[in-house]
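The values are calculated or read from the model by the stated rules, or taken from the named source; none is laboratory data. Computed from a prediction, not measured in an experiment: that's the story for all the values here. Cβ atoms come from the backbone with ideal geometry, glycine included; neighbour counts cover every protein chain shown. Just the protein is used for accessible areas: all its heavy atoms, side chains included, with ligands, DNA and RNA removed. Shrake-Rupley method; radii C 1.70, N 1.55, O 1.52, S 1.80 Å.
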Amino acid sequence: MAGYVALLSDPRVAAPFSASVVARLPIATLPLGLVLLVRDLRDAWDLAGLVTGAFAVGLSAGTPLWGRALDRHGQPRVLLPITAASTALLLALTAAVAAPAVPATVLVLLALGVGLTFPPLSPAMRTTWRAVVGDERLRRRGYALDAVAVETIFVAGPLLLTLLLAVGPAVVPLLATAAMLAGGTVAYCRCEGARVPPAPASAAGAAARTGGAAPGVLRSTAFLVVLAVMAAMSVGFGLLDVSMAGMAEERFGSADELGVLFAAIAGGSAVGGLLYGGRTWRSTDRVRLVVTLAGFGALLVALAASAGGTAPLPLLLVALFATGLFISPNLIAAQHLVDDLAPARRMGEAQAWLSTAITAGAAVGNAVAGAVLEHRTAQQSLGVAAAAVLAAALVALLAQRRWRSAAAVAV
């Protein structure tokens, strides 16, 4: 842990990282808070699903747009106005849910607007890591910390929401979410690392052909393959999330054990990320991505096999922890691969597309798992998850030559 302590001892790293963690907590609290608020005040699960789905659609559509804007205009000039818009729309949505006369269509449109204007803090922070941490080994540790922070957010966010509900009505979590979103983003934008100016346009021929700007990342087949690989991996991850709920129902008769199951896999992911980021590797990120995907897929196969048996809870927790060990390393390796493939002037856009691919893939996985569990078992749902992740590993293996060539000519 000494390397991580040394990294965070630099105020240029610690200040934006801690502020970004606060600003990203709404990623976990906002969707669940919306579900609970709509259920409590409108008594409609279907409407709750539509509202949260609209937020997710807006988030997936807006993130690449704002990521590209970060590259062109710098972070504060983009993050501050869109955060103000997203916060205002969130407050308006909260008030609209509490007003019975407001139709459902308005709620869906407001939720879509919240997602569209939601600030891309994860791509922004990844760009800041690259700007303030020049050493590749230290930057890998930074990405590891970031991945662990995201895992912690998705575990701590629902817990925080539960505590807020215990002290106030259903609107309190969303009001707190708005405060964290606005306050964390403002604090982040005040940090030195976030105020690093955009990278200058490359003078290479590729830039000249696009009017002085770096070529768009979506023109790169190698980059598109990275997005496809990580989307497939995230489909498996989304399937895993919902499958654990089905597993808890099938194995224990209720979802009471679900928190323990999630804690096991999140803990494994956190440990795996820290171990991965703390090592000095001789292999390249593109090769390690194949290994971590294959490990994730193989353990999902083992988990699917155990889900259909009578393994005791302690053994199941060990299996989940081992599976989680490969989740954060996948994300860290992919982030470094994007660093290798994308021009510096397109880094925010590239990392934003990566975030969108991961978010969209997980959403598809959630939906597929729901359909499978409606008619089949958690074991079969986990089998589909394993197939998706192993397919991602195979594509990553076949893409090695293309990634190597693209990284050699990236500007």
Please pick out the residue among 85, 92, 147 that is of a type in the set (A, V, I, L, M) and at pLDDT below 90.
147
Which one of these is within 18 Å of residue 366 (Cα to Cα) and either open to solvent by less than 30 Å² (accessible area, probe 1.4 Å) or not in a helix (DSSP H, G or I) (or both): 3, 58?
58
Look through the range 18-54, keep the residues that are among the β-branched types (Val, Ile, Thr) and open to solvent by 30 Å² or more (accessible area, probe 1.4 Å), and return whichever of them is farthest from the chain's Cα centre (by Cα).
35
Could you go through the range 262-272 and let me know if any residue there is at pLDDT below 70, farther than 15 Å from residue 312 by Cα and not polar (S, T, N, Q).
no
Checked 131, 88, 95, 99 against criteria (among the hydrophobic types (A, V, I, L, M, F, W, C), open to solvent by 20 Å² or more (accessible area, probe 1.4 Å) and either touching a Pro at 6+ places or on another chain (Cβ under 9 Å) or farther than 18 Å from residue 33 by Cβ (or both)); the one match is 131
Residue count, the range 161-190, condition under 22 Å from the mean Cα position of the chain (by Cα), farther than 10 Å from residue 94 by Cβ and not hydrophobic (A, V, I, L, M, F, W, C), comes to 5
I'd like the full set of residues that are touching a Phe, Trp or Tyr at 6+ places or on another chain (Cβ under 8 Å) and under 30 Å from residue 192 (Cα atoms), limited to the range 39-74.
58, 59, 62, 63, 64, 67
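Against the condition surrounded by fewer than 23 Cβ atoms within 10 Å (Cβ to Cβ), touching a residue at least 40 places away in the same chain (Cβ under 8 Å) and assigned to a helix (DSSP H, G or I), how does residue 15 come out, does it pass?
When the stated conditions are applied, residue 15 passes them.
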Select, from 105, 29, 83, 94, the only residue that is more than 23 Å from residue 153 (Cα to Cα) and among the polar types (S, T, N, Q).
105
Does residue 83 fit the bill of being surrounded by 19 or more Cβ atoms within 10 Å (Cβ to Cβ), touching a residue at least 60 places away in the same chain (Cβ under 8 Å) and in contact with a Leu (Cβ under 7 Å, 6 or more places away or on another chain)?
yes
Residue check: is residue 290 over 15 Å from residue 244 (Cβ atoms) and open to solvent by 30 Å² or more (accessible area, probe 1.4 Å)?
no
May I ask you to verify whether residue 219 is open to solvent by 20 Å² or more (accessible area, probe 1.4 Å), modelled with pLDDT of 80 or more, of a type in the set (D, E, K, R) and out of contact with any helix residue (DSSP H, G or I) (no Cβ under 8 Å at 6 or more places or on another chain)?
no
Checked 407, 391 against criteria (at pLDDT below 80, closer than 19 Å to residue 285 by Cα and surrounded by fewer than 23 Cβ atoms within 10 Å (Cβ to Cβ)); the one match is 407
Suppose the filter is at pLDDT 85 or above and in a helix (DSSP H, G or I); does residue 155 pass it?
no
